[in-house]
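Below is one structure; the comments refer to it alone.
No value in this document is a laboratory result; all are computed from the given coordinates. From a predicted model like this one, the values you see are computed outputs, not experimental measurements. So basically every Cβ, Gly included, is an ideal-geometry build from the backbone, and we count neighbours across all protein chains shown.
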Amino acid sequence: MRREHGFTLIEIMAALVVLSLLALMSYRGLGAVLDAREQVKLETEKWQRIAAFFARFERDVELAAPRAVRMADRLAPAWLGLPRSATEPRFQFSRFASTEGVDTARRVAYGLNEKQEIELWLWPGLDAAPDVVPERYPVLRGVKTLDLAYLNRSLAWVDTWPNAADPAIPRAVRLRIVLDSDEEIVRIFVLQT
């Protein structure tokens, strides 16, 4: 009698169970890697948008001009910081033209709208005619809180600007934002006064 060499049914089934377990673990591991990759991509995009907003904000406040402007019905100070309950943008200021010659001198404002976006308001120039409406652009989405404080001459932080004893522009501005993910970011920008 000759004996045939081969695998029994039990050996084949055991090998299939082991291979299926390995395939399942590989699939779960690949899924976790892909999920982590997507999360890292979303976080990177979020922080790039935040960095772009802060770069824009810094460039604007560095070009702040100590010049009051004529608005439709009043004379507005060079730098106007309003309390939190204001319906207008949180603060407005006059800005010189950039050195690259791309921009013109204009009035700029930042505020938080009802869609949880920080909006940039741009007037076409420094002085505004009565019927001129500023252009509004969302510059950062997903913001729950926008708080500003201004460093006065006596080196104290105040919530509104101008003050009678202080110059047209504060020494620095402190910007605090809280994102919809409850992350808080605070930056201080020194101004050329």
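Here is how the numbers come out for the structure above:
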quantity	calculated
Rg in Å to one decimal, and Dmax rounded to a whole Å, for the chain via C-alpha atoms	28.9, 114
Where GluC sites (Glu not before Pro) in DSSP loops with at most 10 other Cβ within 10 Å are excluded, longest remaining stretch of the chain	5-99
Normalised contact order of the chain, rounded percent, pairs of Cα under 8 Å and 6 or more residues apart	16 percent
Cα long-axis angle, helix 9-62 against the chain (0 to 90 degrees, to the nearest 10)	10 degrees
Amide hydrogen neighbours beyond the local backbone of E119, cut-off 5 Å, H modeled	G111, L112, N113, V139
Residues with amide H under 5 Å from that of A97, placed H, sequence gap 5 or more	A105
Approximate spin-label separation W157-Q48, in nm, with each point projected 7 Å along Cα-to-Cβ	3.1 nm
Residues whose placed amide H lies under 5 Å from that of L191, excluding near-sequence neighbours	A172, V173
